[in-house]
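The values are calculated or read from the model by the stated rules, or taken from the named source; none is laboratory data. Nothing here was measured: the structure is a model prediction, and the numbers come from that model. Note that we place each Cβ from the backbone using ideal geometry, even for glycine, and neighbour counts take in every protein chain shown.
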Amino acid sequence: MKIVEVGPRDGLQNEAAAVKVDAKVRLIEDLVEAGVRHVECGSFVSPKWVPQMADTISVFAQVRRVAGVSYSALVPNLTGLAEAVRCGVEEVAVFASASETFSRRNINCSIDDSLERLRAVTAEARTRGMRVRGYVSCVLGCPYEGEISLAAVLRVASALAEMGCYEVSLGDTIGVGTPGKAQTMARAVAKEVPVQQLAVHFHDTWGQALANILASLDAGIEAIDSSVAGLGGCPYAKGASGNVATEDVVYMLDGLGMETGIDLEKLAAAGRHIMHVLGRPSASKAALALAALKEK
């Protein structure tokens with residue numbers, strides 16, 4: 001099983017308080033020490049829109065890179081890609097929405113315009129020998145439009161694959177999906193994009209993330225995005241949890257006999273440290289259970 005750790009980017013970008021570079025670097029290095037082999041370390045976006053990611057250049061300059069580990073970054077455009085190139089990033093991620101309204105509200109352009117922009121980014125990245133991963137947001141629901149049609153998801157996922165994304169991550173951005181819908185969506189996309197190129201990215205707003213992941217595994221998907229300690233809230237549901245916790249995913253996969261290469265105790269320790277920095281407890285039930293066992 002492939003775990004893509006998104007906590008240093010998708011998780012920390014939602015924090016209200018500033019997180020120092022050294023804390024971000026330690027988090028990334030702790031995750032790698034735990035056995036994580038795919039870490040999304042930051043994003044090269046305008047600090048005006050995502051101030052928490054303003055120091056991504058410094059993060060990449062300071063983190064110790066280990067052979068065999070993918071240290072990726074999100075890039076929205078050619079400007080962001082140029083910064084990634086200067087930092088020696090070998091893998092970048094691009095994103096598009098399956099919801100027209102979300103696309104216009106989030107990145108101020110239509111889906112078609114966003115895909116056209118990403119074609120240029122992807123082409124340039126591949127010319128430079130970089131791997132490109134694609135995200136599709138709002139695959140199971142939108143905060144503005146409600147339910148999203150399978151046709152809309154298929155169109156965007158197929159476009160990302162066709163432009164050269166080696167993997168397409170299907171994201172339930174607001175965490176409203178349930179297992180039946182998740183599996184139906186995953187199987188439908190797998191008819192258009194080879195299942196080996198698909199990943200899932202579930203938020204746990206309604207407590208369905210692990211069940212949705214399991215349903216997606218049954219559909220043949222073997223790559224999962226998650227965030228250590230459940231870092232990252234849901235901006236569309238105040239007080240709700242956001243990303244599914246990596247510790248919970250690893251515990252479930254271990255129980256299924258699926259190999260991740262990740263040491264759960266070291267992973268939980270990485271989560272405890274960053275949550276200590278943030279001043280609140282982990283959102284991972286597995287991490288909390290491990291901590292309780294140690295106290296006995």
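The set of residues in the stretch 28-50 being assigned to a helix (DSSP H, G or I) and under 25 Å from Asp204 (Cβ atoms) consists of Ile28, Asp30, Leu31, Val32. Looking only at residues of the stretch 1-33 that are crowded, with 24+ Cβ neighbours inside 10 Å and of a type in the set (Gly, Ala, Ser), we find that the one that is nearest to Glu222 (Cα to Cα) is Gly7. Scanning the stretch 1-27 for residues that are in a helix (DSSP H, G or I), out of contact with any Pro (no Cβ under 7 Å at 6 or more places or on another chain), touching a residue at least 60 places away in the same chain (Cβ under 8 Å) and among the hydrophobic types (A, V, I, L, M, F, W, C) returns Leu12, Ala23. Residues that are touching a helix residue (DSSP H, G or I) at 6+ places or on another chain (Cβ under 7 Å), under 23 Å from Ser241 (Cα atoms) and crowded, with 18+ Cβ neighbours inside 10 Å occur at least once in the stretch 82-96.
Once the stretch 97-118 is narrowed to residues that are among the charged types (D, E, K, R) and surrounded by fewer than 16 Cβ atoms within 10 Å (Cβ to Cβ), the residue that is farthest from Thr56 (Cα to Cα) is Asp112. Restricted to the stretch 73-128, and to residues there that are touching a residue at least 24 places away in the same chain (Cβ under 8 Å), in a loop (DSSP other than H, G, I, E, B) and small (Gly, Ala, Ser), the residue that is nearest to Gln52 (Cα to Cα) is Gly88. Asp248 fulfils the conditions (1) surrounded by 14 or more Cβ atoms within 10 Å (Cβ to Cβ); (2) of a type outside the set (A, V, I, L, M); (3) at pLDDT below 95 except for a single criterion, (3). Restricting attention to the stretch 221-232, does a residue exist that is over 22 Å from Leu293 (Cα atoms), at pLDDT below 95 and not aliphatic (A, V, I, L, M)? Checked against the condition, which is being over 22 Å from Leu293 (Cα atoms), at pLDDT below 95 and not aliphatic (A, V, I, L, M), the stretch 221-232 yields at least one hit.
Of the strands (runs of 3 or more DSSP E) entirely within the stretch 137-252, none holds at least 2 residues that are more than 28 Å from Arg119 (Cα to Cα), polar (S, T, N, Q) and in contact (Cβ under 8 Å) with a residue 60 or more places away in the chain.
For the stretch 28-52, the set of residues classified as touching a residue at least 40 places away in the same chain (Cβ under 8 Å), under 23 Å from Val94 (Cα atoms) and of a type in the set (A, V, I, L, M, F, W, C) consists of Ile28, Leu31, Val36, Phe44, listed by residue number. Checking the structure you have, find out if any residue of the stretch 195-211 is among the β-branched types (Val, Ile, Thr), surrounded by 16 or more Cβ atoms within 10 Å (Cβ to Cβ) and more than 19 Å from Lys2 (Cβ to Cβ). Yes, that holds for at least one residue.
Leu154 passes every criterion in (1) modelled with pLDDT of 95 or more; (2) in contact with a strand residue (DSSP E or B) (Cβ under 7 Å, 6 or more places away or on another chain) apart from (2).
Here Lys266 does not qualify as at pLDDT 95 or above, of a type in the set (Lys, Arg) and in contact with a strand residue (DSSP E or B) (Cβ under 8 Å, 6 or more places away or on another chain).
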